[in-house]
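**Q** Please read through the structure below; I'll follow up with questions.
The values are calculated or read from the model by the stated rules, or taken from the named source; none is laboratory data. Being a predicted model, the structure only gives us computed values, none of them experimental. Methodologically, a virtual Cβ is constructed for each residue, glycine included, from the backbone with ideal geometry; neighbour enumeration extends over all protein chains shown.
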Amino acid sequence: MMNKTITTSIDWNYHSFNNLTIRNNYFDGLDIIYNDLTKKPALRNIYVTENRRNGLKLRSVGITIENVLIERNINAGVRFNPRISEAQQRDIVSWLDRREQPDLEANNVLIFPDNSVNKIQVFESQLNQRKFLVAKSTPDCPRGM
């Protein structure tokens, strides 16, 4: 069975990409899972062509796209689908090393349930107060089937 591959997958996008050609990939050309709105990510002067699935696959809003030519991809030129598979979620969470807990807290990443955290406050429109919640199953709250 052929493995599905993407030329580039970006999980926490805060980049500006300029003057790229993304072409002739077996699956999607570029897959962006999450755009960090505070960093104003962008695609500029990009040519996306002849990918065997979608040219661009976006999972979140908040990216500037300027002077981009998308043509001759087998499926969609741009596909927006906010769904993130369970396998992708597990992969992203696997990067969060518990030894880095002070860094996680400094970046507002909270893993729950966590008996040391009894209250999470989220304040609207204060960019520094954004929280990332990562859930794990426990005997009290097992993962649903």
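**Q** Say whether the condition of being modelled with pLDDT of 90 or more and surrounded by fewer than 14 Cβ atoms within 10 Å (Cβ to Cβ) is met by at least one residue in the range 56-64.
**A** Checked the range 56-64: at least one residue is modelled with pLDDT of 90 or more and surrounded by fewer than 14 Cβ atoms within 10 Å (Cβ to Cβ).
**Q** Residue 108 fails exactly one of the following numbered conditions: (1) loosely packed, with under 14 Cβ neighbours inside 10 Å; (2) modelled with pLDDT under 90. What is the number of that condition?
**A** Looking at each condition in turn, residue 108 falls short on (1).
**Q** Still on this structure: Give me the strands (runs of 3 or more DSSP E) completely within the range 1-92, filtered to those with at least 1 residues that are over 16 Å from the mean Cα position of the chain (by Cα), ordered by residue number.
**A** 16-23, 42-49, 64-71
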